[in-house]
Structure formats: structure tokens, C-alpha cells
1. Along the charge dipole of chain B, which of B:P267, B:L63, B:V219 sits closest to the positive end, that is, farthest toward it, with unit charges on the beta carbon of Lys, Arg, Asp and Glu (+1, +1, -1, -1)?
2. Counting only protein heavy atoms and rolling a 1.4 Å probe, how much accessible area do A and B lose on contact, total for both sides, in Å² to 100?
3. Could you name the lysines whose alpha carbon sits less than 18 Å from that of B:K172, not counting residues in the same chain fewer than 8 places away?
4. Binned at 5 Å from 0, what are the whole-percent values of the Cα-Cα distance distribution for segment A:20-106, short to long?
5. Quick one: give the max-minus-min coordinate of the C-alpha atoms of segment B:241-389 along each principal axis, largest first, in Å.
6. Does chain B come out rounded, prolate or oblate by the C-alpha gyration tensor, with a ≥ b ≥ c the root eigenvalues, rounded set by a/c under 1.5 and, if not, prolate when a/b is larger than b/c and oblate if not?
7. Please list the equivalent ellipsoid semi-axes of the protein assembly as shown, computed as the square roots of five times the alpha-carbon gyration tensor eigenvalues, in descending order and whole angstrom.
8. Going toward the positive end of the dipole of segment B:20-107, with +1 on Lys and Arg Cβ and -1 on Asp and Glu Cβ, which of B:G44, B:H107, B:A77 do you reach last?
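The values are calculated or read from the model by the stated rules, or taken from the named source; none is laboratory data. Note that this is a predicted model, so its numbers are computed, not measured. Don't worry about glycine lacking a Cβ; one is built from the backbone with ideal geometry, like all the others, and counts go over all protein chains shown. Surface areas here come from the heavy atoms of the whole protein model, side chains and all, with no ligands, DNA or RNA. Shrake-Rupley method; radii C 1.70, N 1.55, O 1.52, S 1.80 Å.
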There are 2 protein chains.
Amino acid sequence: MTPWPPAPHDTPFPVENLPYGVFSAADGRPRIGVAIGDHVLEVGPVARSRGLSFADLLFGSTLNPLMAAGPGTWRAARAEITSWLTDPAHRAAVEPHLLRRDAVTSHLPFEVADYVDFYSSEHHATNVGRIFRPGSEPLTPNWRHLPIGYHGRAGTVIVSGTPVARPAGQRKGPSDPAPAFGPSTRLDIEAEVGFVVGVPSDLGRPVPVSGFRDHVFGVCLVNDWSARDIQAWETVPLGPFLGKSFATSVSPWVVPLEALEPARVPPPVRDPAVLPYLDDAGESWALDLALEIRINGHVVSRPPFAPMYWTGAQQLAHLTVNGASLRTGDLYASGTVSGPERDQRGCLLELTWSGTEPLEFPDGTRRTFLEDGDEVTITATAPGPGGVRLGLGEVTGRVMPSPAGPPERR
Amino acid sequence: MTPWPPAPHDTPFPVENLPYGVFSAADGRPRIGVAIGDHVLEVGPVARSRGLSFADLLFGSTLNPLMAAGPGTWRAARAEITSWLTDPAHRAAVEPHLLRRDAVTSHLPFEVADYVDFYSSEHHATNVGRIFRPGSEPLTPNWRHLPIGYHGRAGTVIVSGTPVARPAGQRKGPSDPAPAFGPSTRLDIEAEVGFVVGVPSDLGRPVPVSGFRDHVFGVCLVNDWSARDIQAWETVPLGPFLGKSFATSVSPWVVPLEALEPARVPPPVRDPAVLPYLDDAGESWALDLALEIRINGHVVSRPPFAPMYWTGAQQLAHLTVNGASLRTGDLYASGTVSGPERDQRGCLLELTWSGTEPLEFPDGTRRTFLEDGDEVTITATAPGPGGVRLGLGEVTGRVMPSPAGPPERR
């Protein structure tokens, strides 16, 4: 397919992608758009001028109404927008609604209902187990039986580009007699893939693995900022809390699930066999996404998503198997994406082996954990149809000094 | 004060209480009301007829707009409503908006933003530690330094009276070779007190202990239903997830913080001393609430709230000290309320010592954990002004059979 809007050869947003987002131009009013090449198309006015039944869903300040409408509407809207951008007959009507992306501001694309964070990379969980519990079995006994997860703070999910203040909190090293309060000295990132729920479900009605495409609208990138020192002190017995809840950044463009069909690959072998409600033999959603993490422009890791032990479809089935209901805007993230190689690890805790092996950048700087002013950017691409490469855009954020002052050196 | 609406001597809702809720009458339309004796007053129309500036906040299907308006408006509205109900001059205008409470249906009173569950009863945490880790120190090293908490699922917070289906999930006993899937056989309750956030806060700006009354609108009762077998298997390393996320019930009436001023008591001694951000010497919010738990009408426990180690004000300060923002509708719960005595324990796990000491009811029935059809009701009262007793209403729910079939006997 050849779109008529100019698109660079290597754009993350060719016409086979068409991710949705929310943006504003000079007037500050949020609008719903689709990214195409270097542009964004405001889709509502075009849909309304064509009298389309779903046009009303494309106005407003969030994607939630469109997300709630379900796969039939998602497919119809995608087919329409594709035709607008590839059939020159539509050009005159569509072109006035095309804006340059570098001239608009991105907003949080959807209102987050509940946020759940999983822990589904075997390599990540194994590395973390080795770091925190050296000498013992790195994976907990439940890890290969269910996708471990927990609820995070939905109210602090922020859009890419929002600065992140270094959090303060209680930390206590193993040899400290008592905890001290202060800015985190072990501020980290976690590169993750997020699944965005569109269609809600009823309380008491589990969603099977095969229901994934009926409920999930699309995929985004997630940076689950983590303060490792705060997390370590608080986490036993009820799990991560303030070590995570200060900020979770998401990419501004939600890639429709339909665009990722060519990225589906066979899932990893699960041994032992999973319980029937997690069996994805008939409907696997392992996805061949290639992530990249940059710190201050230096590539520090390229985590592969395909080897993730648990897929988004299995995570959804697990999340609801107890009867928990879904709401439009529920976001659940994969957990840190780490591959088997050292340069495929998805967080600094692993990349620097808990700070003992600093990263060295070509400019001579070194990092164990993040310094004030550091900018972290996570990107990802996926195979599209016919050799085209689709991008998931990027999630980026800069570390700001703590309002509680600079972290002491420990 | 003597209200003109008839109120039984022992009503939980005397005119000194005036909790807010959302109800519907025959037409099914949700309206905002205040409970008084055996009645509920629809407050919006009265406020509008009197031309009050806050009248618009009292229409709609949730308390969120009123909650967001802040303490000045809360005080003004409460003073107005008090005068409507005590000054006979208002009777003719107010009485047409008074409905019998037994003729209306209660709805979830507010839209829940984020839900956090704490773990702040020393007796509960100690009992749980003894049950799960016999022979070792029952409290984790961090317990007396910070209010342990975690995020729960906001989307499955339901109003009192909503039936609760027995959840299914993975369970694995210590001697089982592998996990099995099925309905929970250890379904439990947790009696808790919930704090409802009204005024939001900015990302990056911690709310101090002294900010409690500027942000918290009121208090409700919470039953944090828990499937102990599902919880036990999943909880290491990231905390409770599906063992809790199937349902959390809340009482329909939110008691304004102002009504609870007479219930404030000195907090327990904290040893070791807490870090400055948790110091509540100048602004303690320990509350002398008396809870009661009934199962199928039999009183099984009377947990006291006053000895809770961490107060709602400290929990709020901790929740935000890392810069996490608050939203209108955030709900955070105290954690299971257990006192020092056996008949003051707030959950069946403790009351039956993990099922080894069944409760025996006067009718000859016994319980370890909940059976299908069981109805659990939690109530609470607080001292009001001049010896009046205020009620927090009740949170009740009946256990329905699992859609996955009856639990096997294990």
C-alpha cells in the first residue's frame, strides 16, 4: 500500500501501522489522532464529514470511547482510515486535517482504569532472583505455573515526555541499624510492553485466552520507573509499593492489535505444562517485538519480546480467572523484558548487576543507576506485512532532582 | 440537637452523623442522599431551592464532585443540612425529599480511583506471621518503621449487598506435587476501615500527616474478601493479587471526617520512634471505632480500631511521600482490624487459627472458612458528641457458589 502523505522510508508509522493517540495543537484542545509518517491525522472531523456511525467515538480527550466499542468498530475504523490515506480520491477532504507530528503535543492517550504489572520474562526473573537471593533457586516455585503479577498505581501513569522527579522514601541497607529517609540512590527503569483493554467484562466471568482479541484494543510501551532501595526495604511481605508508585510512563501511540498480526510467533515451550485455563496452543500471542533502551542517547540494551514466557493473552486469562472484571482503560504490562544475553537486559539492576558492573558510555561517562538529568528512551519495532517494519513509537522521560534534595552518596 | 424527622433512639444515623451516600428509589435514578434515622434525605433539590453555591455538586450519580470540593464546602454543606433537619422552619421544604431508607437501593457511593490496602494492625500482622512463619519473628523488620501497604483492584470495589461469587484459581498445598485449579476452599473476610480521598494532590508533592483533613472526605467500612489458598500460592515474590482482586465490599454511607472528631483518641506508643514524615504527635487520627463482625447473624468478633499502630493520617503521608499523587475517589483501607483478644480478631484466618480451631455457633453449626450461602456483615460505631453513638452503617455480602462448581473437600 502506498499512502499519499509523505512518509520517510524508515518511519515507525507507515500506513500498515496507524496507531491511535491524543494530541493537541496550538489551541491546546485534545483531539484524537492517528500517526502516519511524520504527521498526525485528526480523524474525528473526517469521519464525521463522511457520516460514519463511529464518528462520535473519535471526538473527545481520550481513546476510551473508541476502545470500548469493540473489535467490529476497531476493524471498520482502521479500514476507513487506511482508505483515506491510500486512495487519492480522499486527499482533498483529508489533507486539511493532517498536522506535522513535531508541531503537536502528545497527551495520555487513554484514561487508565486499573494498572497491573506482570513479571513474565524468565531471564529477568532469574537475574533478579540471582541478585537478591544468591545461592538459592532463582525462580520462586510458582513462577512457571502462573504469570506473577500485582496491581500498581493507575493515577501516576504518565505520558512519555513527562519529567520524573527522583522519589524520596525509606531505605535501609543490610548493615544499617535503622532505615533512613532521603532521595532514592538506586533509581532504575524497566522496559515493558503494555496491553490496553478496550472491552469490559462482567464480574464473575473469566475471560479465556481466546478472548484476548475481543477485549484488548492495542499495545503501547511502558517504562516502569523503580526505586530499588525503597522497593527492597518495603517489599516483604506485601510486594512493591512506593518503590514503583511515583511514576509509570507510557508511549503516546497505541498500536492496534490488528497491526501486530504479522508479529505473532510461536510461544516458548512451557515446562511443566500449564493448567488448561492458561493453555495457548490454539491462540498464541507471543509477539516478535524488538525493544531498544537508550540512556542519554547511548543504546544500552536491545531486549527481545518473543521469548517472554507468558503472553498478553495468558496474562489476561490469569487476571480474570478469579472472576475479576475488566474495565475500559485497564492497562497491564508485561514486566521487564530481558533476553538471555547481557546486552538484552531490560533494567539497570540487571545491566549493572545491582550496581557492581557499571555501564561505560563512549563519551567516558559511567552509570550504575540513574543520575539527575538522565534521559531514558525506550523504543520498539515489530515486523509488519511484506517486510515493512512497524514502530511502537517511544516512551521517554528525564530524571529531575528530588524535591527533598540531592541523594547522599552511600 | 433534636431533629424533627423521627429517629429511633438507637439509630446509627442521628443528626450528629449525616453520612453521605448514593441511592435510587422506584425510578432507578441514582441520587445523592444523607442518612438520618430510618430515612434518607435527597439533598440536591433542597440545596438548589435554597440557591446554595454548592447545590450542583449534590446532583449526579457519585459523591466525587462534592468530595473534590474540599473542606470548606464539606463544612458548609454539613452545617446547612444540619439546620434543615433541626430547624422546624425548614420542615415544609425539606420533608418532601425524605424517603424511608428501607425503600431505597444503595449504590457505590463514589467512583473509586486507586485502591490501596494497608496492614496496620499489630495484632493482625503478628497473628498472620505466627500462622505462616511459626517459630520465627512474626513481624517483618520494616513493620514498625512504615505502614506496609499494596495496591488492590479498584474496578472490583462493590457496594454492600452485592453477592460475592466464590473465586476459582490455582492452589497448592505444601505437600501437593503441583498446583490444582478450582474454587477456593479457604474463603475469608477482612474487616477494615476505609478512608476516602476527596481533594487531589499534585504529582511530586507529598501530603504531610497534617494534610489529612484537607484531603480526606470521610470514612467507610470495607470487607476485603480474601481467598487464602489462592493468596498463599501466588503471593511470593510480588504480593497478593488474585487472592484479593475478585471483590472488595464497601459500606454505602461515607461518614464525614468532621463527624468523627469526638472519636479521636491518643495513638499507641510507637517504639522505635517513627521517621519525621510519619510523626503524628501534633495531629493524631487514631479513632475509637468499635467494629463487629457477624456471620449468618452470629457475632464472631468485636475488633477495636483505636489500637491500630498506624493511623489514616500516617498512611496518607506514607502513600504520597514518594511524590505519588492523589485523585478524588482514591480509597485506602486500614488493613484487617484485630485487637489483642481472640474474640477481637478481624478475619477467619486468625479467628480459626488457619482453620484448626473452628468457630462454633449457638445453632450447632461450625465454620473454619466461609461456606456458600454464608452472609457476612460488618458494622461499626463511634463516640459522637454528648454521649451520642454514631454508626458507620454496615457492609454485608453473601457468598455465592463458584461458577466453576463446588469446592472439593480437601
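1. After comparing all options, I get B:L63.
2. When A and B are taken together, about 5000 Å² of accessible area is lost.
3. B:K244
4. 3, 15, 27, 27, 19, 9, 1
5. Principal-axis extents of segment B:241-389 (Cα, largest first): 51, 42, 34 Å.
6. Working: a/c = 1.82, a/b = 1.43, b/c = 1.28.
Since a/c reaches 1.5 and a/b is larger than b/c, the shape of chain B is classed as prolate.
7. 43, 33, 27
8. B:A77
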